[in-house]
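K.L.:
Quick one: the structure is below, questions incoming.
The values are calculated or read from the model by the stated rules, or taken from the named source; none is laboratory data. All values reported here derive from a predicted model rather than from experimental measurement. Note that each Cβ is placed from the backbone with ideal geometry, even for glycine, and that neighbours are counted across all protein chains shown. Heads up: the accessible areas ignore ligands, DNA and RNA and are worked out on the full protein's heavy atoms, side chains in. Shrake-Rupley method; radii C 1.70, N 1.55, O 1.52, S 1.80 Å.
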Amino acid sequence: MEINSTPYSPNTLVKNNIRFRIPLYQRPYTWTEKQVKQLLDDLWSSSEQSKDSPYFIGIMNISRTDYDDSTFDLIDGQQRLTTLSVMALVMKDLIIEDNDYDRGWANFCGRIDFYGREEDKAFLENGLPKDNTNKNLLNAKSVIESFFNGKDAGDKEAFALYVYNNASFFLSVIPQD
């Protein structure tokens, strides 16, 4: 997989079958309610301003792996990408009908391999917690679910599509060493 200087969204990650591995030396997921809510609020505000403009989340530093050509070690950006993965758990069933969508959020689930943290990896794949699942992941899911409470079904669907197609970041490949 050739990484270039174009923005990537959850949609482009799925279409290009790009996956990430979080090395064991990386800190666990630590975002609190405040950070998750801020990202949701910013994305919601951006989606209300324009349904087509990208929302830039930042630069993610990655490193090639010996694993395969489409899996990269995520060196910086784990908190943001993990939050998008938790959002995928909540939003994967929000899309009612869209021929171009092709179950995208469901296909986005499990794109992160928490190397050495099997409970966290399993949670991001299926949303089912185990005894040792990182409590911050569980809290993030609860915050995201609460965010959607009381919102109109059409608004939820439009937001899920907006984030899937427009939450954008750049990938910066750094040397493996």
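K.L.:
What residue, among those in the range 67-112 that are modelled with pLDDT of 90 or more and more than 21 Å from residue 143 (Cβ to Cβ), is most open to solvent (accessible area, probe 1.4 Å)?
P.N.:
Checked the range 67-112; the qualifying residue most open to solvent (accessible area, probe 1.4 Å) is 76.
K.L.:
If you don't mind, there's one more thing I want to ask. Keeping to the range 14-28, report how many residues are part of a helix (DSSP H, G or I) and out of contact with any Phe, Trp or Tyr (no Cβ under 9 Å at 6 or more places or on another chain).
P.N.:
The qualifying residues number 1.
K.L.:
Sticking with this one: Report the residue count in the range 123-137 for those that are surrounded by fewer than 17 Cβ atoms within 10 Å (Cβ to Cβ) and part of a loop (DSSP other than H, G, I, E, B).
P.N.:
Result for the range 123-137: 6.
K.L.:
So which residues in the range 72-92 are of a type in the set (D, E, K, R) and in a helix (DSSP H, G or I), if there are any at all?
P.N.:
Within the range 72-92, 80 is the sole residue that qualifies.
K.L.:
In this structure, is residue 31 open to solvent by less than 60 Å² (accessible area, probe 1.4 Å), touching a residue at least 24 places away in the same chain (Cβ under 8 Å) and not in a helix (DSSP H, G or I)?
P.N.:
yes
K.L.:
Any residue that is touching a residue at least 60 places away in the same chain (Cβ under 8 Å) and in contact with a Ser or Thr (Cβ under 8 Å, 6 or more places away or on another chain) - is there at least one of those in the range 100-109?
P.N.:
yes
K.L.:
Specify the residue that is farthest from residue 92 (Cα to Cα); the eligible residues are those in the range 138-177 that are among the acidic types (Asp, Glu) and not in a helix (DSSP H, G or I).
P.N.:
That would be 177.
K.L.:
Need the failing condition index for residue 55 against (1) open to solvent by 20 Å² or more (accessible area, probe 1.4 Å); (2) touching a residue at least 24 places away in the same chain (Cβ under 8 Å); (3) over 14 Å from the mean Cα position of the chain (by Cα), just the number.
P.N.:
Going through the list (1) open to solvent by 20 Å² or more (accessible area, probe 1.4 Å); (2) touching a residue at least 24 places away in the same chain (Cβ under 8 Å); (3) over 14 Å from the mean Cα position of the chain (by Cα), residue 55 breaks only (3).
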